[in-house]
Amino acid sequence: MTQIAEIQPSELRRRLQAGEKLQMIDVREDEEVAQGMIAGAKHIPLGQIPDRLSEIDKSGEIVIICRSGYRSERACEYLQQLGYDGCTNMVGGMLEWQQEDE
């Protein structure tokens, strides 16, 4: 099994603040996303990914985001099997991201 790349929320925040344009996919459910999303992220619930692959650019890095980092890791594994090599899991998910906001 290929090792999944990881990014800390603090590193993602730093890169976004530096103006980097990153492809970010938020795989949480609608009611979770309603509580807030990272600006610029695209919302594709985990269960919809197989039907919405055309919305995910295969080239370059893809940062996958969920609540705690578990579902995003599953999404990374799935996408890697389909040849999406740039998948990066945001460790700690939105729970950690929001803690840094406080």
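Each reported figure results from applying straightforward, stated rules to the coordinates on display, with no laboratory input. As the structure is a computational prediction, the values presented were derived from the model and not from experiment. All Cβ positions, glycine included, derive from the backbone under ideal geometry; neighbour counts span all protein chains shown.
Extension gain, Arg52 to Glu77: 0.36 nm times the residue separation minus the Cα-Cα distance gives 7.4 nm.
For the chain, relative contact order (Cα pairs under 8 Å, six or more residues apart, normalised by length) works out to 35 percent. Annotation: Cα Rg of the range 5-101 relative to the compact-globule expectation 2.2 N^0.38 Å equals 0.97. Exposure proxy shown here: for Asp26, Asp85, the number of other Cβ atoms within 10 Å sets the order, fewest to most, as Asp85, Asp26.
One decimal place: the segment His43-Glu20 gains 6.4 nm when fully extended, by the rule 0.36 nm per residue minus the C-alpha distance. Adding -39500 (n - 2.57) for every DSSP H run of four residues or longer, then dividing by how many residues the chain holds, sets the calculated 222 nm ellipticity at -9000 deg cm²/dmol. Once the chain from Gln35 to Asp85 is taken as fully extended at 0.36 nm per residue, the excess over their C-alpha distance is 15.0 nm.
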